[in-house]
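Comments concern the structure below.
What follows is calculated from the coordinates using simple rules that are stated; it is not laboratory data. Quantities reported herein were computed from a predicted structural model and do not represent experimental measurements. Cβ sites come from the backbone with ideal geometry, for glycine too, and all protein chains shown count toward neighbours.
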Amino acid sequence: MNEKKILKGQEYKLRENINNLKKEIYTTCKETGRDMKDVTLIAATKYASAEQVRLISGLGIKDFGENRAEELKEKYNMVRKNSVWHFIGHLQRRKAKIVVPRVDFIHSIDKISTLIKVDDESKKNNKIQKLLIELNISGEDTKYGIDPEDLYSFISKALNYRNTKIVGLMTIAPLTDDFGLIRKIFRRLRILKDNLNKDFGGIKLTELSMGMSNDFKIAIEEGATMIRIGTIIFK
């Protein structure tokens, strides 16, 4: 089988996966009284090749999320026009200079020291970097994110920096079949966002980044505005 046929086969499968996913998103939104346009589908590209990223860009996907700074450089160059890039992995401070010039959103801020570095790089790039604060609501030792109890203190410090703008919150639910637990975690994130908007005059949080391939429907039901989908698209 020649290379063109292989690529055509990949494109057909990716198109099928994306169409089926969009149908599920539409149905879930309709059942919960939400507008599908209010939920941003982010293609999580951690396990995708640069060529697969290029292919899904041609299939109407405009938002891409990458976990690794070095991978971001290659994949960004494949679809930099008319695309929105999100950094969704743990961000090391020394990688901020790679990430900041390329992304519209960073979803994984959980240390003030990282935020300060991002703020510095944003100033160098003459931009206001949009940030989401990552919360470890499940309390798992294996997950990044700040403790919800420390959120107000974190926000108070973060508001001192002018080249970053906090626009929302992010969390990752446990990999479990306990959908009741997953729902509680997503619901708590939404409540935290709503409370922050009431209690802080200097911010207006609009984004809830929650939900992946195994739990995005629950996330949509609980108010997600961004869902990060990898496996369903690239399987």
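Here the Karplus curve 6.51 cos²θ - 1.76 cosθ + 1.60, taken at θ = phi - 60°, turns the phi angles of region 28-41 into couplings of 5, 4, 4, 5, 9, x, 10, 8, 4, 5, 8, 10, 8, 8 Hz, with x standing for Gly and Pro.
Counted by neighbouring Cβ atoms within 10 Å, the residues Met36, Met210, Met226, Met78 run from fewest to most as Met36, Met78, Met226, Met210. Close amide H contacts of Gln129 (hydrogens built in the peptide plane, cut-off under 5 Å, sequence separation of 5 or more or a different chain): Thr164, Lys165.
If we sort 8-17, 120-129 on the protection proxy, mean other Cβ atoms within 10 Å, highest first, what's the order? Walk me through the numbers before you get to the answer.
On the way: 8-17: 14.4, 120-129: 16.2.
Final packing ranking: 120-129, 8-17.
Which order do Thr45, Thr164, Thr114 fall in if you start with the one that has the fewest other Cβ atoms within 10 Å? Kindly include the intermediate steps, with their values, before the conclusion.
Working: Thr45 29, Thr164 25, Thr114 19.
In order of increasing Cβ crowding within 10 Å: Thr114, Thr164, Thr45.
Hey, got the dipole for the chain? About the Cα centre, +1 on K and R Cβ, -1 on D and E Cβ, debye to the nearest 20? Show your work: numbers first, answer last.
Working: 44 positive and 32 negative charges, 203 e Å.
For the chain, the charge dipole is close to 980 debye.
Amide H to amide H distances under 5 Å link Ile146 with Glu134, Leu135, Asn136, where only residues 5 or more positions off or on other chains count and H is placed in the peptide plane.
In a DSSP loop and with at most 15 other Cβ atoms within 10 Å, the trypsin sites (Lys or Arg not before Pro) in region 50-96 are Lys62, Arg80, Lys81.
Summing -39500 (n - 2.57) over the DSSP H runs of n ≥ 4 in the chain and dividing by its residue number, what mean residue ellipticity at 222 nm do you reach, to the nearest 500 deg cm²/dmol?
Working: 9 runs with 103 residues, N = 235.
After summing the helix terms and dividing by the residues of the chain, the value is -13500 deg cm²/dmol.
Annotation: amide H of Ala44 within the under-5 Å range of Gly65, Ile229, Gly230, sequence separation 5 or more or interchain, hydrogens built in the peptide plane. Each listed q (0.09, 0.11, 0.16 Å⁻¹) maps to a log10 I(q)/I(0) for region 1-157, found by the Debye formula over equal Cα scatterers with no solvent: -0.37, -0.54, -1.02.
Around Arg162, under 14 Å between beta carbons, what's the net of Lys plus Arg minus Asp minus Glu among the other residues?
On the way: positive: Lys123, Lys124, Lys127, Lys130, Lys157, Lys165; negative: Asp119, Asp120, Glu121.
Residues close to Arg162 contribute a combined charge of +3.
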